[in-house]
Amino acid sequence: MVLLESLSLDLGHKMPDFTLDDPFGYSYNNHDLIGDKGLLIIFTCNHCPYAIAIWNRLIALRHELVELGIHVVAINPNINPDYPDDSPDAMKTKIKTDRIPFPYLVDNDQAVAKAYQAQCTPDLYLLKHDMTLYYHGRLDDNWKDETAVTNQELLESAKQLSQNQNPPETQYPSMGCSIKWLD
């Protein structure tokens, strides 16, 4: 496991469109997924301890985000034969077991992760309705212990976005396992 942080990207940058399938074969594109105010894109996987530590928080946060007009999608770029825990079949099990209430998509060729310059799992992107980057950072200030969280940066950023405010000036990077690139 190689620990990496998300890259610092220019806020306001138009992020690429995408169309991906979930592991059941249903196709989704960003235009269908985006809410009235925006879209949270989570590059994540099943096996990384950093991703595992926040999955339940992201699932719980989804309800608050939808109320703010922000929809959620997770994308798995770790479709690599060396990591069977992240396979589409394993994703199906996770979706059912964890009752994931938002699409969890397969980035088979890792093209979407590359286009977004994703580095780690999890890597979080909060986009405005026009697909411009508003927030790119961590979920909160304690990935490991939910009971020790004192600052929920993503939720606060989502509230600001929903109220058409400027993005937060300070954005701390996500950190997690390296994406398991095929090349």
Notebook entry, point to check: So which residues in segment 101-128 are crowded, with 22+ Cβ neighbours inside 10 Å and charged (D, E, K, R)?
Noted result: D107, D123
Checklist line | Unique residue being in contact with a helix residue (DSSP H, G or I) (Cβ under 8 Å, 6 or more places away or on another chain), exposed (fewer than 14 other Cβ atoms within 10 Å of the Cβ) and of a type outside the set (S, T, Y) when the list is D10, D17 | finding: D17
Notebook entry, point to check: Counting only residues that are of a type outside the set (K, R) and in a helix (DSSP H, G or I), how many does segment 85-129 have?
Noted result: 14
Margin query: Just to verify a result, which residue in segment 24-57, among those that are surrounded by 22 or more Cβ atoms within 10 Å (Cβ to Cβ) and among the aliphatic types (A, V, I, L, M), is nearest to N164 (Cα to Cα)?
Written below: L39
Margin query: Suppose we filter segment 69-112 for residues that are hydrophobic (A, V, I, L, M, F, W, C), more than 17 Å from H47 (Cα to Cα) and touching an Asp or Glu at 6+ places or on another chain (Cβ under 9 Å); how many remain?
Written below: 1
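Select from segment 134-178 the residues that are among the charged types (D, E, K, R) and without any contact (Cβ under 8 Å) to a residue 12 or more places away in the chain and write down the one among them that is farthest from I41 (Cα to Cα). Quick ask: steps written out before the conclusion?
Looking only at segment 134-178, we keep the residues that are among the charged types (D, E, K, R), and these are 138, 140-141, 144-146, 153, 156, 159, 169.
Those left that are additionally without any contact (Cβ under 8 Å) to a residue 12 or more places away in the chain: 145, 169.
On the way: D145: 22, E169: 20 Å.
For segment 134-178, the residue satisfying everything is D145.
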Notebook entry, point to check: under 17 Å from H47 (Cβ atoms) and either out of contact with any strand residue (DSSP E or B) (no Cβ under 9 Å at 6 or more places or on another chain) or surrounded by fewer than 21 Cβ atoms within 10 Å (Cβ to Cβ) (or both), is that true of M131?
Noted result: no
Item checked: Among (1) out of contact with any Phe, Trp or Tyr (no Cβ under 8 Å at 6 or more places or on another chain); (2) farther than 25 Å from V149 by Cβ; (3) part of a loop (DSSP other than H, G, I, E, B); (4) modelled with pLDDT of 95 or more - the single one Y28 does not satisfy -> (3)
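The values are calculated or read from the model by the stated rules, or taken from the named source; none is laboratory data. Owing to the predicted nature of the structure, the values given are computational and were not obtained by experimental measurement. All Cβ positions, glycine included, derive from the backbone under ideal geometry; neighbour counts span all protein chains shown.
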